[in-house]
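Structure record follows, encoded as structure tokens.
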Amino acid sequence: MTFALDVHDLKVSAASGQSLLEIPRLELASGRSLGIRGPSGAGKSTLLYALSGLLDCLEGRLCWGDINLVELSSRRRAAFREHYVGMIFQDFLLFEELDALTNAGLSALFRPRRERGDISARAADHLQRLGIQDSARKVASFSGGERQRVAVARALAANPSILLADEPTASLHRSAADALSQDLVALARDAGTTLVVVSHDERLLARLDEVLTIADGRPTDPAYINKRTADHA
């Protein structure tokens, strides 16, 4: 299944009621990639977490396909995320005591038995494509670049329709960041996955189909987003 993104008058608030983010309009066709950039504290990660269904205080329209996350309970958002969303976190969130293959195939533990073999096979395939040759080695001995590649393989192993990444190259040196950027975009395109990336890395952003800039919790040019929406209509 593929999902296009349709956001209209989205408002994200803190539990106190303070406004954190407002997105007047944003569309992204299924299978395309979007970068989100802006200064620290601008609301980039808030938008990414809203897109994943991790946030509760939402108003407006935030649709993946015909599913409006704003209208779903936290349990139904979690179910949507489990079935359709892969996430890559900046700090990897790997289990140090486990090997690369087990980490990459971790989602198999939470899926029906009939799906587990395919997930493990995809995890092994993505690790190999990402250059992780010794998948039986514990990730405690891996470099930062190797750990991030395991995290990418884990996010892709469940064959998600939507892939969300938070600063995936932030902890990597330049050559490792460039290599991971190329592989991440290529793997998403090969799978037809809709990719959204929060990043300060201009070289990564340049590889993506579209880029949204946020400052002070709002797009810097909402009219430009509307124009781009019209161009892809």
Taking the Cα centre of region 101-233 as origin, sum charge times position over the Cβ atoms of Lys and Arg (+1) and Asp and Glu (-1), and report the length of that vector in debye to the nearest 20. 580 debye
Just to confirm the number: angle between the C-alpha axis of helix 222-232 and the first principal axis of the chain, 0 to 90 degrees, nearest 10? 70 degrees
Percent relative contact order of the chain, based on C-alpha pairs within less than 8 angstrom and at least six residues apart? 30 percent
Hey, any idea what % of the chain's accessible area is carbon plus sulfur with a 1.4 Å probe? 49 percent
Amide N of region 187-215 lying under 14 Å from the label point, which is placed 7 angstrom from the Cα of Thr2 along Cα→Cβ: 188-195
Give me the percent relative contact order of region 62-148, please, defined on Cα pairs under 8 angstrom at least 6 residues apart. 30 percent
When only DSSP loop residues count, what GluC sites (Glu not before Pro) in region 59-113 have their Cβ near at most 11 other Cβ atoms within 10 Å? Glu97
Compute the helix-to-body angle for 144-157: its Cα long axis versus the longest principal axis of the chain, expressed 0 to 90° and rounded to tens. 80 degrees
How big is D for region 3-137, in µm² s⁻¹ as a whole number, if Stokes-Einstein is applied with the Kirkwood radius of its Cα pairs at 37 °C and 0.692 mPa s? 193 µm²/s
What does the accessible area per residue of region 35-146 come to in Å², with a 1.4 Å probe and no ligands, DNA or RNA counted? 53 Å²
Can you tell me the 0 to 90 degree angle between the C-alpha axis of helix 113-129 and the longest principal axis of the chain, rounded to 10? 80 degrees
Computed magnitude of the charge dipole of region 44-181 (debye, nearest 20; Cβ of K, R +1, Cβ of D, E -1): 300 debye
What does the extension gain come out to for Ala136 and Arg114, with contour length at 0.36 nm per residue minus their alpha carbon separation? 5.6 nm
Report the equivalent ellipsoid semi-axes for region 11-52 in whole Å, largest first, defined as the square roots of five times the eigenvalues of the gyration tensor built from alpha carbon atoms. 21, 12, 9
Work from the charge dipole of region 142-225 (Cβ charges, +1 for Lys and Arg, -1 for Asp and Glu, about the Cα centre) and give the residue of Gly192, Ala206, Val150 farthest towards its positive end. Val150
Residues whose placed amide H lies under 5 Å from that of Leu10, excluding near-sequence neighbours: Ile23, Arg61
Measuring from its Cα centre, the chain shows a charge dipole (+1 at each Lys and Arg Cβ, -1 at each Asp and Glu Cβ) which, in debye to the nearest 20, is 380 debye
Using helices alone, what [θ] at 222 nm do you get for the chain, with -39,500 (n - 2.57) per DSSP H run of 4 or more residues, divided over all residues and rounded to the nearest 500? -11500 deg cm²/dmol
Per-pair calculated FRET efficiency, R0 = 41 Å: Gln182 and Glu59 via Cβ, rounded to 0.05: 0.60
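The values are calculated or read from the model by the stated rules, or taken from the named source; none is laboratory data. Owing to the predicted nature of the structure, the values given are computational and were not obtained by experimental measurement. Note: ideal-geometry Cβ built from the backbone for every residue, glycine included; neighbour counts use all protein chains shown. Just the protein is used for accessible areas: all its heavy atoms, side chains included, with ligands, DNA and RNA removed. Shrake-Rupley method; radii C 1.70, N 1.55, O 1.52, S 1.80 Å.
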